[in-house]
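Enquirer: I have a structure here, written as structure tokens, and I will follow up with some questions on it.
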């Protein structure tokens, strides 16, 4: 696809007919229409091809030796229910059409057919598949929705982020978004997509760190039924769902080395292959990646492939930490409250008192915007009547000692867990919000530190 043009609708096709002249014609003309095609001389060969690979559409003659077109469609629907089928027949009759449709055909076309009519029919199949993929993308997004919204903030760092997005969005360049956890990397990726020529196509987001290593390849590339234990049906991968649109790989630094090499091969060739399939097929996807991890250091320590880093880092956008754009905190807090109004029975008119805002502005925000969102939600639950005051904020905000880097406050009785969390927040503050350095200082892994921070936020909401 060239820049600033809509992606060509193409299909992976199987054509089956026992007439040699039609085989030659379709092998040439279907490719000219922009599709990839496997040509089979009879129904048995077609079924064998279906057992090896997955196709978007099959175009089969009704009358063939061995297995006729209806039989092939039946076998196809057993193996790959998502594959659309078109029957070609020289018997122009209502009964033929009804029989084909009853057996799961998308449509039928009579022989001899006009190539222009066939082209239009195949475009209908492609449009239907695009709608199906958009539905899957929406379903996937709804399953993992976290209340994402527009980029908020007028600070200089955010103005720079917007300028970079405006520059890169209209191109097809790969984008790497850097920033600490909770800074809004997925929101920035969606902004890139929404301002691109692919805006009306799927945007599919996946957190690489949340995928089990044994299932990453299947999630990204799809699989055939029976490809491995537990593969009870054909599965469309997220690359395929995002065809024509944007695939956002969040936390790409968490990908194991084995998957990094496979991802690199896809990016270099533009082709993917479902697990269990024998043939690859072309996909058209714009890739946007994100990570909070230092990829350059990971390359030096052989944890990340250098060639993959260069491939995904055509254009780099670094998101500022919330502490580096404190001017945006009042606007962000009000925005988050307005969003919560749709989830609460009593909208807040005058949302935040000066004393509460002072506390918010004084905090170092190691969890960035995500932490602010949790704090706002906590306060909203506790606040019966507006405005939100300092007493509605989580307990860790009730002591200056707790928010400072000076150490642990023993002026009141505390549980071991409270002491541990004070030590964690103090370490994060001392390291200017760098959780990796804080974890090293505390002698724990990144994963353990993040788990404890998430548990603390969850306990705040539960206590509320």
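Enquirer: Is region 271-287 home to any residue that is at pLDDT 95 or above, in the same structural domain as residue 207 (by TED's automatic domain parsing) and either over 29 Å from residue 234 (Cβ atoms) or part of a strand (DSSP E or B) (or both)?
Expert: Within region 271-287, one or more residues are at pLDDT 95 or above, in the same structural domain as residue 207 (by TED's automatic domain parsing) and either over 29 Å from residue 234 (Cβ atoms) or part of a strand (DSSP E or B) (or both).
Enquirer: If you go through region 297-325, how many residues are in a helix (DSSP H, G or I), surrounded by fewer than 16 Cβ atoms within 10 Å (Cβ to Cβ) and in contact (Cβ under 8 Å) with a residue 12 or more places away in the chain? Spell out the reasoning first.
Expert: So in region 297-325, the residues in a helix (DSSP H, G or I) come out as 297-300, 306-312, 322-325.
Still in the list and also surrounded by fewer than 16 Cβ atoms within 10 Å (Cβ to Cβ): 297, 300, 306-307, 310.
Of the ones still in play, those that are also in contact (Cβ under 8 Å) with a residue 12 or more places away in the chain are 307.
Number satisfying all stated conditions: 1.
Enquirer: Residue 419: within 13 Å of residue 396 (Cα to Cα), free of Cβ contacts under 8 Å to residues at least 40 places away in the same chain, surrounded by 15 or more Cβ atoms within 10 Å (Cβ to Cβ) and assigned by TED's automatic domain parsing to the domain that holds residue 368, yes or no?
Expert: Numbers: within 13 Å of residue 396 (Cα to Cα): yes; free of Cβ contacts under 8 Å to residues at least 40 places away in the same chain: yes; surrounded by 15 or more Cβ atoms within 10 Å (Cβ to Cβ): no; assigned by TED's automatic domain parsing to the domain that holds residue 368: yes.
Spelling it out, it is not the case that residue 419 is within 13 Å of residue 396 (Cα to Cα), free of Cβ contacts under 8 Å to residues at least 40 places away in the same chain, surrounded by 15 or more Cβ atoms within 10 Å (Cβ to Cβ) and assigned by TED's automatic domain parsing to the domain that holds residue 368.
Enquirer: At least 3 residues that are over 25 Å from residue 325 (Cα atoms) and at pLDDT 75 or above in each: list the helices (runs of 4 or more DSSP H) lying fully within region 362-464 that qualify.
Expert: Working: elements: 368-382, 400-403, 416-430, 435-442, 446-463.
Of the helices (runs of 4 or more DSSP H) lying wholly inside region 362-464, those with at least 3 residues that are over 25 Å from residue 325 (Cα atoms) and at pLDDT 75 or above span 416-430, 435-442, 446-463.
Enquirer: So which of 280, 269 ends up being within 29 Å of residue 131 (Cβ to Cβ), more than 12 Å from the chain's Cα centre (by Cα) and surrounded by 14 or more Cβ atoms within 10 Å (Cβ to Cβ)? Talk me through it step by step, then tell me what you get.
Expert: Numbers: 269 fails: surrounded by 14 or more Cβ atoms within 10 Å (Cβ to Cβ).
Of 280, 269, the one residue that is within 29 Å of residue 131 (Cβ to Cβ), more than 12 Å from the chain's Cα centre (by Cα) and surrounded by 14 or more Cβ atoms within 10 Å (Cβ to Cβ) is 280.
Enquirer: A further question on this structure: Residues to consider are 69, 43; find the one that is modelled with pLDDT of 90 or more, touching a strand residue (DSSP E or B) at 6+ places or on another chain (Cβ under 9 Å), over 30 Å from residue 242 (Cβ atoms) and not assigned by TED's automatic domain parsing to the domain that holds residue 277.
Expert: Values: 69 fails: modelled with pLDDT of 90 or more.
Sole residue among the options that is modelled with pLDDT of 90 or more, touching a strand residue (DSSP E or B) at 6+ places or on another chain (Cβ under 9 Å), over 30 Å from residue 242 (Cβ atoms) and not assigned by TED's automatic domain parsing to the domain that holds residue 277: 43.
Enquirer: Quick one: which of 198, 190, 163 is modelled with pLDDT of 90 or more, loosely packed, with under 13 Cβ neighbours inside 10 Å and in the same structural domain as residue 297 (by TED's automatic domain parsing)?
Expert: Numbers: 198 fails: loosely packed, with under 13 Cβ neighbours inside 10 Å; 190 fails: loosely packed, with under 13 Cβ neighbours inside 10 Å.
On inspection, the qualifying residue turns out to be 163.
Enquirer: Now, a different point. Just need a number here: residues in region 100-112 that are at pLDDT below 85, more than 15 Å from residue 68 (Cα to Cα) and part of a loop (DSSP other than H, G, I, E, B).
Expert: Of the residues in region 100-112, 2 are at pLDDT below 85, more than 15 Å from residue 68 (Cα to Cα) and part of a loop (DSSP other than H, G, I, E, B).
Enquirer: Name the helices (runs of 4 or more DSSP H) wholly within region 6-93 that hold at least 3 residues that are free of Cβ contacts under 8 Å to residues at least 24 places away in the same chain and within 39 Å of the chain's Cα centre (by Cα)?
Expert: Values: elements: 20-32, 43-52, 69-79.
Of the helices (runs of 4 or more DSSP H) lying wholly inside region 6-93, those with at least 3 residues that are free of Cβ contacts under 8 Å to residues at least 24 places away in the same chain and within 39 Å of the chain's Cα centre (by Cα) span 20-32.
Enquirer: Of the conditions (1) closer than 23 Å to residue 87 by Cβ; (2) modelled with pLDDT under 90; (3) in contact with a strand residue (DSSP E or B) (Cβ under 6 Å, 6 or more places away or on another chain), residue 125 clears all except one; give me its number.
Expert: Among (1) closer than 23 Å to residue 87 by Cβ; (2) modelled with pLDDT under 90; (3) in contact with a strand residue (DSSP E or B) (Cβ under 6 Å, 6 or more places away or on another chain), residue 125 violates only (2).
The values are calculated or read from the model by the stated rules, or taken from the named source; none is laboratory data. Predicted model, so just to flag it, every value in this text is computed and none were measured. Here the Cβ is made from the backbone with ideal geometry for all residues, glycine too, and neighbour counts use every protein chain on show.
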